[in-house]
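Engineer: There's a structure below that I have some questions on.
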Amino acid sequence: MGFLSVLLGGCSETPISSPTPPPSPFQSQRPAPLVGGNEGEWQLVWSDEFDGNAVDLEKWSFETGQHGWGNNEWQNYTDGENSSVSDGTLKIVAKKVGPGQKAGDYTSSRMNSKQSFTYGKIEISAKMPDHKGKGLWPAIWMLGDSVRGGKWPDCGELDILEYVSFNEDTVHCAIHTKANNHRDKTQLDFHQKLERAEEDFNVYGLIWTEDKLVFYTGDPSKVKMTFDRPEDFNAGNWPFDKPEFLLLNMAVGGGWGGKEGVEDEKIFPATMEIDYVRVFQKSK
């Protein structure tokens, strides 16, 4: 997730020499490609419909801690206490548990999919927290498996959905690589006004193929950002040929989420609600 992708102690802080000039992040608004030319060739390979009464621990794990996550965030990610499943949806809830205005005074959840994927169409139906004030930073995103070895941004990050609560009715998507990332102010990103993002469920999608990334809201005809694989692609500017896993989380404060402060007396408890997560891949 944008700035959130920096794992404690896992970032390589070696300066990048002569980074690849960033391609235009918004290369077109053309419809997303139908892999194989036929929508019917997509097959569901993994999903969570959240129809039970608890988080499915065969599909998800919880990442925990309150070390700031590389972005000076204030939440303590707990081992499931801030996530629940009921009435067909997942609720990730951020809570204030201390005096406020410092790390550890808030709790939340960060959930990682246990399965990773290479290529596909990923769709998540989600509703952002009720708009009550500033300080929240929920996200739905992907990281390359190599991040577990401390290789951000080399691993590649795909931010399908980011939201900051000081910017009502606006959603963001972004790409981070060694050549294009927020640390060097070369990230590729796009924002979209989306009325009632906090009141309604919306589908946030990504089509990821061998040579293209297409981010959309609603359906593949409503493209937000298209990024074509560079002609001179390499591990630094196109790490997106290796497995990535999904993350669902809500941060409190931080370099972006807390840019305009955290309004303790207004926003808590705050809930991001997710109806489903679905991963499709092309049939063989």
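The values are calculated or read from the model by the stated rules, or taken from the named source; none is laboratory data. What you are looking at is a predicted structure, and each value in this text was computed from that prediction instead of being measured. Note that each Cβ is placed from the backbone with ideal geometry, even for glycine, and that neighbours are counted across all protein chains shown. Keep in mind that these areas ignore ligands, DNA and RNA; they rest on the heavy atoms of the full protein, side chains included. Shrake-Rupley method; radii C 1.70, N 1.55, O 1.52, S 1.80 Å.
Engineer: Would you mind finding the one in GLY135, GLY150, GLY120 that is open to solvent by less than 10 Å² (accessible area, probe 1.4 Å) and either over 17 Å from VAL214 (Cα atoms) or in contact with a Pro (Cβ under 6 Å, 6 or more places away or on another chain) (or both)? Talk me through it step by step, then tell me what you get.
Structural biologist: Working: GLY150 fails: open to solvent by less than 10 Å² (accessible area, probe 1.4 Å); GLY120 fails: either over 17 Å from VAL214 (Cα atoms) or in contact with a Pro (Cβ under 6 Å, 6 or more places away or on another chain) (or both).
Exactly one of GLY135, GLY150, GLY120 is open to solvent by less than 10 Å² (accessible area, probe 1.4 Å) and either over 17 Å from VAL214 (Cα atoms) or in contact with a Pro (Cβ under 6 Å, 6 or more places away or on another chain) (or both), namely GLY135.
Engineer: May I pose another question? Could you tell me which residue of the range 71-107 is most open to solvent (accessible area, probe 1.4 Å), considering only residues that are under 13 Å from VAL55 (Cα atoms) and assigned to a loop (DSSP other than H, G, I, E, B)?
Structural biologist: ASP87
Engineer: Continuing with this model, one more query. Restricting attention to the range 261-284, and to residues there that are assigned to a loop (DSSP other than H, G, I, E, B) and closer than 28 Å to VAL45 by Cα, which single residue is modelled with the highest pLDDT? Steps first, please.
Structural biologist: Step one: filter the range 261-284 for residues assigned to a loop (DSSP other than H, G, I, E, B), giving 261-263, 268-269, 283-284.
Of the ones still in play, those that are also closer than 28 Å to VAL45 by Cα are 283-284.
Values: SER283: 81, LYS284: 69.
Applying the filter and picking the extreme gives SER283.
Engineer: Out of everything in the range 96-135 that is over 20 Å from the mean Cα position of the chain (by Cα) and charged (D, E, K, R), what residue ends up being nearest to GLU168 (Cα to Cα)?
Structural biologist: Going through the range 96-135, the residues over 20 Å from the mean Cα position of the chain (by Cα) turn out to be 96-106, 132-133.
Going one step further and asking which of them are charged (D, E, K, R), we end up with 96, 102, 105, 132.
Numbers: LYS96: 21, LYS102: 24, ASP105: 24, LYS132: 10 Å.
The extreme case among them is LYS132.
Engineer: Whether any residue in the range 209-231 is free of Cβ contacts under 8 Å to residues at least 40 places away in the same chain and either of a type in the set (S, T, N, Q) or under 17 Å from VAL279 (Cβ atoms) (or both) is what I want to check. It would help to see each step written out before you state the result.
Structural biologist: So the first thing to find is which residues in the range 209-231 are free of Cβ contacts under 8 Å to residues at least 40 places away in the same chain, and the list is 211, 218-219, 222, 229, 231.
Narrowing further to those that are either of a type in the set (S, T, N, Q) or under 17 Å from VAL279 (Cβ atoms) (or both): 219.
So far as the range 209-231 goes, yes, one or more of its residues are free of Cβ contacts under 8 Å to residues at least 40 places away in the same chain and either of a type in the set (S, T, N, Q) or under 17 Å from VAL279 (Cβ atoms) (or both).
Engineer: Out of the residues in the range 268-284 that are more than 14 Å from LEU161 (Cβ to Cβ) and in contact with a Lys or Arg (Cβ under 6 Å, 6 or more places away or on another chain), which is most open to solvent (accessible area, probe 1.4 Å)?
Structural biologist: PRO269
Engineer: Shifting gears a bit: Could we say that LEU188 is closer than 18 Å to ILE124 by Cβ, in contact (Cβ under 8 Å) with a residue 40 or more places away in the chain and either in contact with a strand residue (DSSP E or B) (Cβ under 7 Å, 6 or more places away or on another chain) or among the basic types (Lys, Arg) (or both) here? Steps first, please.
Structural biologist: Details: closer than 18 Å to ILE124 by Cβ: no; in contact (Cβ under 8 Å) with a residue 40 or more places away in the chain: yes; either in contact with a strand residue (DSSP E or B) (Cβ under 7 Å, 6 or more places away or on another chain) or among the basic types (Lys, Arg) (or both): yes.
No, not satisfied.
Engineer: Condition check: part of a strand (DSSP E or B), touching an Asp or Glu at 6+ places or on another chain (Cβ under 6 Å) and modelled with pLDDT of 95 or more. Does SER113 satisfy that?
Structural biologist: On the way: part of a strand (DSSP E or B): yes; touching an Asp or Glu at 6+ places or on another chain (Cβ under 6 Å): no; modelled with pLDDT of 95 or more: yes.
So SER113 does not fit the description; no.
Engineer: Could you tell me whether any residue of the range 247-260 is open to solvent by less than 60 Å² (accessible area, probe 1.4 Å), under 19 Å from ALA126 (Cα atoms) and either in a loop (DSSP other than H, G, I, E, B) or hydroxyl-bearing (Ser, Thr, Tyr) (or both)? Steps first, please.
Structural biologist: Going residue by residue through the range 247-260, those that are open to solvent by less than 60 Å² (accessible area, probe 1.4 Å) are 247-258.
Now drop any that are not under 19 Å from ALA126 (Cα atoms), which leaves 247-252, 257.
From the residues that got through so far, the ones that are either in a loop (DSSP other than H, G, I, E, B) or hydroxyl-bearing (Ser, Thr, Tyr) (or both) too are 257.
Checked against the condition, which is being open to solvent by less than 60 Å² (accessible area, probe 1.4 Å), under 19 Å from ALA126 (Cα atoms) and either in a loop (DSSP other than H, G, I, E, B) or hydroxyl-bearing (Ser, Thr, Tyr) (or both), the range 247-260 yields at least one hit.
Engineer: While we're looking at this one, here's another question. Among the residues of the range 59-70 satisfying the criterion of being assigned to a strand (DSSP E or B) and not hydroxyl-bearing (Ser, Thr, Tyr), which is surrounded by the most Cβ atoms within 10 Å (Cβ to Cβ)?
Structural biologist: The qualifying residue surrounded by the most Cβ atoms within 10 Å (Cβ to Cβ) is TRP60.
Rundown of residues vs (1) at pLDDT below 95; (2) under 20 Å from LYS259 (Cα atoms), yes/no style:
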{"site": "TRP141", "(1), (2)": "no, no"}
{"site": "VAL164", "(1), (2)": "no, yes"}
{"site": "GLU168", "(1), (2)": "no, yes"}
{"site": "ASN180", "(1), (2)": "yes, no"}
{"site": "GLU195", "(1), (2)": "no, no"}
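Engineer: Do we find that ALA197 is open to solvent by less than 10 Å² (accessible area, probe 1.4 Å), in a loop (DSSP other than H, G, I, E, B), closer than 24 Å to GLY253 by Cβ and of a type outside the set (Asp, Glu) in this structure?
Structural biologist: Numbers: open to solvent by less than 10 Å² (accessible area, probe 1.4 Å): yes; in a loop (DSSP other than H, G, I, E, B): yes; closer than 24 Å to GLY253 by Cβ: yes; of a type outside the set (Asp, Glu): yes.
Yes: the conditions hold for ALA197.
Engineer: Could you say which residue among THR217, THR209, THR186 is open to solvent by less than 40 Å² (accessible area, probe 1.4 Å) and closer than 23 Å to ASN71 by Cβ?
Structural biologist: On the way: THR217 fails: closer than 23 Å to ASN71 by Cβ; THR209 fails: closer than 23 Å to ASN71 by Cβ.
Step by step, each of THR217, THR209, THR186 is checked, and only THR186 is open to solvent by less than 40 Å² (accessible area, probe 1.4 Å) and closer than 23 Å to ASN71 by Cβ.
Engineer: Quick one: which of THR209, THR217, THR186 is farther than 25 Å from LYS282 by Cβ and among the hydroxyl-bearing types (Ser, Thr, Tyr)?
Structural biologist: Values: THR209 fails: farther than 25 Å from LYS282 by Cβ; THR217 fails: farther than 25 Å from LYS282 by Cβ.
Testing whether each residue is farther than 25 Å from LYS282 by Cβ and among the hydroxyl-bearing types (Ser, Thr, Tyr) leaves just THR186.
Engineer: Take the residues in the range 220-231 that are within 20 Å of LEU194 (Cβ to Cβ) and open to solvent by 40 Å² or more (accessible area, probe 1.4 Å); name whichever of them is nearest to the chain's Cα centre (by Cα).
Structural biologist: Here the residue is LYS222.
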